[in-house]
Amino acid sequence: MTSNRWASLHRGEIDRLTVRVFREAWRARPEVRHIRMEGVDAVVKDYGRGGNIFKHLLGAFLARREVAALHRAEGLPHVPHVYAMPRLWIAVLEYIDAAPVTAQPRQTFDAGFFDRLSGLIDMIHRRGIAHGDLEKLDNILVTPDGEPAIVDFAAAIMSGGNPLVALALPYVQENDRRAICKLKSVVAPDLLTDEERQILETRRPAEVWYRRLRKYIRRPVKSLASRADERPADQTGNTRWRPGNHHYSA
Ligand SMILES: Nc1ncnc2c1ncn2[C@@H]1O[C@H](COP(=O)(O)OP(=O)(O)OP(=O)(O)O)[C@@H](O)[C@H]1O
Ligand SMILES: [Mg+2]
C-alpha cells in the first residue's frame with residue numbers, strides 16, 4: 001500500500017476501518033483507534049476529535065510534537081513508525097502487536113525483560129529524546145514474544161531546540177529510568193535492588209520543579225480543552241459520553 005493512502009484518510013473512513021477504540025477523546029487527550037486498511041494495521045491518534053478550535057490547535061501542537069519525537073526515534077525496535085499525518089491533529093502510526101504491561105501475567109517479567117526494556121530506553125535517550133510519560137505504565141507494551149515496546153511520545157522532549165528543554169532533558173530521562181523501577185516494584189518487587197528502591201524514593205529538586213511547572217501549564221490547557229468535551233445529559237441523568245476504554249468490532 002502507498003503511504004499516500006494513509007495520508008488521505010478522513011474521519012468517515014477511519015470510523016469505517018476501526019477494529020477497536022483504545023481510548024476515547026477526553027480533554028486534551030486524543031482518541032486512539034486501531035484500524036485496518038487493505039489488511040494492514042495502524043493506530044490513529046486524533047487529537048482534535050470531538051473538540052472545538054482550541055482543541056484542534058492544541059491537538060496540532062501535540063500531534064506534531066509526538067510525530068517529531070517518533071521521527072527522531074525512527075528505526076528503533078518496537079517504537080512505532082509514523083505512516084502519515086492526514087490532518088495537522090491526526091497521526092497514523094504503525095500498529096505494534098503488543099499489550100500493556102499491566103495486562104500481562106507476572107511470569108512475563110523476569111530480569112531479562114527489564115534488561116531489554118532498559119536497553120530500549122537507553123537507545124531512545126541516545127537519540128536525544130526523553131519520553132516523559134513512562135511512569136504511566138501502560139505506555140510500555142509487551143509483544144507476544146516478550147519484547148518491550150514503547151508508545152505515546154506526546155510528552156516527549158528532545159535535544160537541539162529550546163535551551164530550557166536542554167536543561168530539563170537529563171532530568172526527564174532520569175524519570176524515564178525511574179519508570180523501570182516503578183514497573184518492577186509493581187509487577188516483580190522481588191527483583192528490585194536496594195539501589196532501585198533508593199531511586200524510587202528520591203526525586204531531585206530540579207525534576208520536582210520541572211514537574212510543577214508542567215502541571216501549572218497543563219491545568220488551564222486541560223480546562224480549556226475539556227470545555228469542548230462537554231455533552232448534554234441523557235434522560236437517565238447520565239452524561240451520554242464518558243472517557244475510558246471502549247472496544248468494538250468493525
Ligand atoms: N502504535 C501502537 N501500537 C499498538 N497499540 C498502541 C499503539 N499506540 C497506542 N496503543 C495502545 O493505545 C493505548 C493508548 O495510546 P496512547 O498511550 O498513545 O494514548 P493516550 O491518550 O496518551 O493514552 P493514556 O493517556 O491512557 O496514556 C496504549 O496504552 C496502547 O495500549
Ligand atoms: Mg498513553
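The values are calculated or read from the model by the stated rules, or taken from the named source; none is laboratory data. Keep in mind the model is a prediction, meaning the values are calculated, not measured. Here the Cβ positions follow ideal geometry from the backbone for every residue, glycine too, while neighbour counts run over all protein chains shown.
When ALA149 is evaluated against the numbered criteria (1) in a strand (DSSP E or B); (2) surrounded by fewer than 17 Cβ atoms within 10 Å (Cβ to Cβ), which criterion, by number, is the only one it fails?
For ALA149, the exception is condition (2).
Are there helices (runs of 4 or more DSSP H) fully within region 1-94 with at least 2 residues that are small (Gly, Ala, Ser) and within 24 Å of VAL221 (Cβ to Cβ)? List them. It would help to see each step written out before you state the result.
Working: elements: 3-7, 11-16, 53-72.
The helices (runs of 4 or more DSSP H) meeting that bar are 53-72.
Only one of ALA84, ALA7 is hydrophobic (A, V, I, L, M, F, W, C) and within 16 Å of ligand 1 (Cβ to nearest atom). Can you tell me which?
Within the list ALA84, ALA7, the selection yields ALA84.
Can you say whether ASP110 is without any contact (Cβ under 8 Å) to a residue 60 or more places away in the chain and more than 30 Å from ILE217 (Cα to Cα), as far as the supplied structure shows? I'd like the intermediate steps shown before the answer.
On the way: without any contact (Cβ under 8 Å) to a residue 60 or more places away in the chain: no; more than 30 Å from ILE217 (Cα to Cα): yes.
Considered against the rule, which asks whether it is without any contact (Cβ under 8 Å) to a residue 60 or more places away in the chain and more than 30 Å from ILE217 (Cα to Cα), ASP110 comes out as no.
Can you work out which of the residues in region 50-83 that are of a type in the set (Gly, Ala, Ser) and surrounded by 18 or more Cβ atoms within 10 Å (Cβ to Cβ) is nearest to ASP190 (Cα to Cα)? Spell out the reasoning first.
Our first condition is that a residue be of a type in the set (Gly, Ala, Ser); within region 50-83, this holds for 50-51, 59-60, 63, 68-69, 73, 75.
So of that shortlist, the ones also surrounded by 18 or more Cβ atoms within 10 Å (Cβ to Cβ) come out as 51, 59, 63, 69, 73.
Details: GLY51: 45, GLY59: 41, ALA63: 38, ALA69: 34, ALA73: 32 Å.
The residue in question is ALA73.
Might you let me know whether region 152-165 holds any residue that is assigned by TED's automatic domain parsing to the domain that holds TYR210, away from ligand 1 (no atom under 16 Å from the Cβ), in contact (Cβ under 8 Å) with a residue 24 or more places away in the chain and exposed (fewer than 14 other Cβ atoms within 10 Å of the Cβ)?
Initial filter on region 152-165 (assigned by TED's automatic domain parsing to the domain that holds TYR210): 152-165.
If we keep only those that are away from ligand 1 (no atom under 16 Å from the Cβ) as well, we get 158-165.
Those still in the list that are in contact (Cβ under 8 Å) with a residue 24 or more places away in the chain too: 158-160.
Subsequent filtering for residues that are exposed (fewer than 14 other Cβ atoms within 10 Å of the Cβ) retains 160.
Scanning region 152-165 turns up at least one residue that is assigned by TED's automatic domain parsing to the domain that holds TYR210, away from ligand 1 (no atom under 16 Å from the Cβ), in contact (Cβ under 8 Å) with a residue 24 or more places away in the chain and exposed (fewer than 14 other Cβ atoms within 10 Å of the Cβ).
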